[in-house]
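The values are calculated or read from the model by the stated rules, or taken from the named source; none is laboratory data. Since this is a predicted model, take the numbers as computed values, not measurements. All Cβ positions, glycine included, derive from the backbone under ideal geometry; neighbour counts span all protein chains shown. With ligands, DNA and RNA removed, areas are computed over all heavy atoms of the protein, side chains included. Shrake-Rupley method; radii C 1.70, N 1.55, O 1.52, S 1.80 Å.
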Amino acid sequence: MASGTEQLPEDLNSYLKKALQNISETLNGADVRDAAVFLRRCMQHGPDLYRLLEQLYGERDDFPGSAEAILQTAAEAFLRRPARLKQLDREREESPRWYQHHTMIGGVCYVDLFAGTLQGIKEKIPYFQELGLTYLHLMPIFRTPDGPDDGGYAVSSYREINPALGHMDDLCELAIALQAVGINLVLDFVFNHTANDHEWALKARAGDPGYQDCYFIFEDRAQPDAYEKTLREIFPDEHPGAFTFYPDIDKWVWTTFHTYQWDLNYRNPDVFRRMLAEMLSLANIGIDVLRLDAVPFIWKKLGTSCENLPEAHTIIRAFNALVRIAAPALIFKSEAIVHPDDVRSYFGQGEWAGKECEISYNPLLMVQLWEALATRHTHLLTYAMQHRFDVIPENCAWVNYIRSHDDIGWGFADEDAAAMQIDGFGHRQYLNRFYTGQEPGSFAIGYPFQFNPRTLDMRISGTAASLAGLEQAIKNNNPHAIDLAIRRILLITGITMSMGGMPLIYLGDEIGRLNDYTYLENPDTADDSRWVHRAPADWEQVARRREAGTVEARIFEGFTRLIGLRKQHPAFGSNSATQVVDTGNRHVYVYLKTLGDDQVLCIGNFTADPQRVPVDRLPLPGTDRRLVDLITGKTISSDTEIELSPYELMYLSMPQQ
Ligand code: GLC
């Protein structure tokens, strides 16, 4: 294919020309058609890539050599990409928005807790199919240090599987098996930090300056003190501030999260290039979505919060451009649990809209749903969603969820709260009391996470079922309370299924998994209350989904009914319109979903009492008011008002005009 580079257009910038000439030898190893594909993509995305790398590294002496080396790394990865994935690349280049489809249903679990090993996960494929999953996120599976490892988020090697879970071959086999049944595989890319025993960290600790420059390592407290003036504490329970003293090197290391997680220094283009190589090697296993862990933290600048800095976006955009060139079947999911404006910014903004992370957790919807359950009021939820839901680039999608492996932090916008005459700080304190069961009338059993006595800030741990009242209801042997708890779970789940975007189920929630207290007996987990909602799957409990009338069966049937309806309605996918409606009744949440002829009006009651909504406050087209609730199959009889039972959710289908 050497001839490929001879056809480069005259006006192509010199960086690309040079870079492509340099890699022509690498591409010589590729078949002619493949090489042409690679070159086409370089022409398409190379100019963007160059601009981005120039923004990051243009001032350094090693530029543009560093940028050429980066493209070379992409070419090498492309060369190693298996044929089946190159085929998938071609398909997804043709229909790139596969993740927006209304048939997408996500599930997430820990490999060890759910099925023991990667092989065990493969054996559970029929269960995933029974649920209708098309997206499976396996929590971190790579080698980690002995002892505490932050649930796998301290990665010692991106190329080795944690031996307790299996081997790389098992992962490759699993990726193929999942692809065969239409389930996309999602893995974490923990790229803000490595474990302190990662090869690079070990070399840094041994004194290699090249590797010391991969991290933020300081001789004394001068710089750390200067930075800490403007930093937020992320895990204050574990260590104050953001730095850890390492006596073996007699130096301070930047550790935003745990003391054993070393933040990477992306000011060094070598770090960018090395992490690109790790990322593309994951892509080449057949990963469909990479969950970019802790994105807000990847760039640091003195005098700032070191969160959500413009360069963090530039880095992700550059990674994305490289993925479009070397492995375009892959997309990015952003994990930014920050202010809603910042969360949204990781879809890309301005000329970069849609060119950063294609999908993102929607922490705002999650916290607003729990907020509305606690307060029994929906005005903040309604206001926030009216302003912040349908405002993302058209090729992007929210990932809607009610629980994850992490804590719940009350990340609504103070501005939204103020607009609703709510004091943000006081409201968070109330919600914390409510979900730790300290508020009279609370149904929740949840626990504090990272209480900060200086700011009084804290977050909440607990499973969806325990937070929704099921644990307390079962303890009190109260069938009515059990019924209400199940209704709460299905109400908020049903909203994540239908609001638009992709629903993501934290596996265990579909059978009402309660809090698990065994983590307290293990010294590696006892200090981290998030383990209360990271229980091992109890397959006997899962089996009860088939015993009619059990709690498990009632919740599971509810989930599968909602999933089935989602799969029938294109309006529930990501490319539909969402109209969130204020009906005047502040206990119900209402939105209309529309895609072409498919229209569904969703109404949820956030109280334990019946609620009525006047029909003339609803956005119903035409005068024909015959409505059918898709969830119960019942026809709505009144043409003046709709009555909802406690915590009822309706998906109202409207007659075609
Ligand atoms: C993400 C993970 C969380 C972890 C942190 C540090 O927020 O979801 O579990 O503690 O990153 O990697």
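So, restricting to helices (runs of 4 or more DSSP H) that lie completely within the stretch 173-251, which ones have at least 1 residues that are under 30 Å from L118 (Cα atoms), more than 15 Å from the ligand (Cβ to nearest atom) and open to solvent by 40 Å² or more (accessible area, probe 1.4 Å)?
It comes to 199-205.
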>> Need pairs with beta-carbon distance below 6 Å; first residue small (G, A, S) and modelled with pLDDT of 95 or more and within the stretch 414-426, second open to solvent by 70 Å² or more (accessible area, probe 1.4 Å) and assigned to a helix (DSSP H, G or I); sequence gap 6+ or separate chains.
In response: G424/D414
> Taking the stretch 124-148, which residues are within 16 Å of the ligand (Cβ to nearest atom), farther than 26 Å from E540 by Cβ and either in contact with a helix residue (DSSP H, G or I) (Cβ under 8 Å, 6 or more places away or on another chain) or touching a residue at least 60 places away in the same chain (Cβ under 8 Å) (or both)?
Replying inline: P140, F142, T144, P145, G147, P148
>> Would you confirm, using the coordinates I've provided, whether E547 is farther than 27 Å from A372 by Cα and either under 23 Å from the mean Cα position of the chain (by Cα) or at pLDDT 95 or above (or both)?
In response: yes
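Determine if the stretch 620-627 includes at least one residue that is free of Cβ contacts under 8 Å to residues at least 12 places away in the same chain, part of a loop (DSSP other than H, G, I, E, B), of a type outside the set (F, W, Y) and open to solvent by 40 Å² or more (accessible area, probe 1.4 Å).
Taking every residue of the stretch 620-627 in turn, at least one turns out to be free of Cβ contacts under 8 Å to residues at least 12 places away in the same chain, part of a loop (DSSP other than H, G, I, E, B), of a type outside the set (F, W, Y) and open to solvent by 40 Å² or more (accessible area, probe 1.4 Å).
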>> I'd like the full set of residues that are open to solvent by less than 30 Å² (accessible area, probe 1.4 Å) and touching a Ser or Thr at 6+ places or on another chain (Cβ under 8 Å), limited to the stretch 517-533.
In response: Y519, S529, R530, V532, H533
> Which residue pairs have Cβ atoms closer than 8 Å, lie 6 or more positions apart in sequence or on different chains, and pair a first residue in the stretch 29-47 that is in a loop (DSSP other than H, G, I, E, B) with a second residue that is open to solvent by 10 Å² or more (accessible area, probe 1.4 Å)?
Replying inline: G29/L79; A30/M1; A30/L79; D31/M1
>> Suppose we filter Q368, Q429 for residues that are among the polar types (S, T, N, Q), at pLDDT 95 or above and open to solvent by 10 Å² or more (accessible area, probe 1.4 Å); which single one remains?
In response: Q429
>> I need the full set of residues from the stretch 534-571 which are in a helix (DSSP H, G or I), open to solvent by less than 20 Å² (accessible area, probe 1.4 Å), under 17 Å from G107 (Cβ atoms) and touching a residue at least 40 places away in the same chain (Cβ under 8 Å), in order please.
In response: V542, E552, I555, F556, G558, F559, L562, I563, R566
>> All but one of (1) at pLDDT 95 or above; (2) assigned to a helix (DSSP H, G or I) hold for Q72; state the number of the condition that does not hold.
In response: (1)
> Just checking, how many residues over the stretch 35-65 are under 23 Å from R81 (Cα atoms) and of a type in the set (A, V, I, L, M, F, W, C)?
Replying inline: 8
